[in-house]
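Notes for the one structure printed next.
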Amino acid sequence: MYLFPAIDLYEGKAVRLVRGDYAQMTVYSDDPPALAHAFEAAGAEHLHLVDLEGAKAGETPNFETVHRIVAATKQKAEIGGGIRSEDVIERYLDAGVWRVILGTAALCDPQFLERAVKRFGARVAVGVDVRDGFVATHGWLETSSTRCEEFLARLSALGVQGVICTDISKDGLLAGANLALYERLSACFPQLALVASGGVTTLSDVRALAGLGLYGAILGKALYEKKIDLAAAIAAAKERP
């Protein structure tokens, strides 16, 4: 299993929110490229980037910061937040991003999602943010009437390969991952390369998720609060049960 250290961007800084609440924001670094380089030095091969401003507004205000991060490392960087057009997808990919993550647009504009998957293939992934079993949108500010499993079935049918699934109730609380959710989803959708997000806090969390056969897991607040050592977590993710 691959680990994706997360860098959430707001006004060019690396920040973290609690359960998506912009009023509960902590700034951890004024130099996101240096942060990415430190993650790479610890052994991380992947990087999870989120433009928090873009997630709300549907724009790309942190594009230049993303570009600098990608230029500073050799990691496979994925980016989500406000990506709602093929032009923006192409712009990010041309800048060296490994893959883009569609969120709100994937649910609200299925024709756009279908076009994007046909055009860009595996370089388009979908973020499925779950609140009480339903898919949340617009930077987690709204909750749809679409159930998580229903949406994943739809994504699989369209040919989507990568899915980043976040349990909003766990995000930023350092309370452990929702193992039951990921066990259920991985059993129902073995064809999807699932990445778990939200609450991954300990080496036990990492080992448990790796044991489910997931493609990856995202490490966020636990890294910034030094609850988990990245190099040790990467080693744990590669352990065989």
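Below are the figures for this structure:
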{"quantity": "Matching entry among Ile101, Ile69, Ile89, Ile79 (being touching a strand residue (DSSP E or B) at 6+ places or on another chain (Cβ under 7 Å), over 30 Å from Ala233 (Cα atoms) and hydrophobic (A, V, I, L, M, F, W, C))", "calculated": "Ile89"}
{"quantity": "Residue match in segment 13-33 (condition: of a type outside the set (S, T, N, Q), closer than 25 Å to Glu90 by Cα and in a helix (DSSP H, G or I))", "calculated": "yes"}
{"quantity": "Filtered residue count, segment 94-107, keeping only those that are modelled with pLDDT under 95 and either over 19 Å from the mean Cα position of the chain (by Cα) or of a type in the set (Gly, Ala, Ser) (or both)", "calculated": "3"}
{"quantity": "Residue that is under 24 Å from Leu185 (Cβ atoms) and open to solvent by 10 Å² or more (accessible area, probe 1.4 Å), where the choices are Phe151, Phe134", "calculated": "Phe134"}
{"quantity": "Ala14 vs. criteria small (Gly, Ala, Ser) and either closer than 21 Å to Val206 by Cα or open to solvent by 40 Å² or more (accessible area, probe 1.4 Å) (or both)", "calculated": "no"}
{"quantity": "Members of segment 117-131 that are surrounded by 21 or more Cβ atoms within 10 Å (Cβ to Cβ) and assigned to a strand (DSSP E or B)", "calculated": "Val124, Ala125, Val126, Gly127, Val128, Asp129, Val130"}
{"quantity": "Residues (open to solvent by 50 Å² or more (accessible area, probe 1.4 Å) and among the aliphatic types (A, V, I, L, M)) located in segment 58-73", "calculated": "Ala71"}
{"quantity": "Conditions (1) touching a Phe, Trp or Tyr at 6+ places or on another chain (Cβ under 9 Å); (2) assigned to a helix (DSSP H, G or I); (3) not small (Gly, Ala, Ser): number failed by Glu114", "calculated": "(1)"}
{"quantity": "Qualifying positions in segment 37-57 - open to solvent by less than 20 Å² (accessible area, probe 1.4 Å), at pLDDT 95 or above and small (Gly, Ala, Ser)", "calculated": "Ala44"}
{"quantity": "Failed condition for Ala231, given (1) open to solvent by less than 10 Å² (accessible area, probe 1.4 Å); (2) closer than 30 Å to Asp31 by Cβ", "calculated": "(1)"}
{"quantity": "Residue that is farthest from Ala41 (Cα to Cα), among those in segment 74-85 that are open to solvent by less than 70 Å² (accessible area, probe 1.4 Å) and modelled with pLDDT of 95 or more", "calculated": "Ile79"}
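The values are calculated or read from the model by the stated rules, or taken from the named source; none is laboratory data. All values derive from a computational prediction rather than experimental measurement. No Cβ is skipped: glycine too gets one built from the backbone with ideal geometry, and neighbour counts run over all protein chains shown. Just the protein is used for accessible areas: all its heavy atoms, side chains included, with ligands, DNA and RNA removed. Shrake-Rupley method; radii C 1.70, N 1.55, O 1.52, S 1.80 Å.
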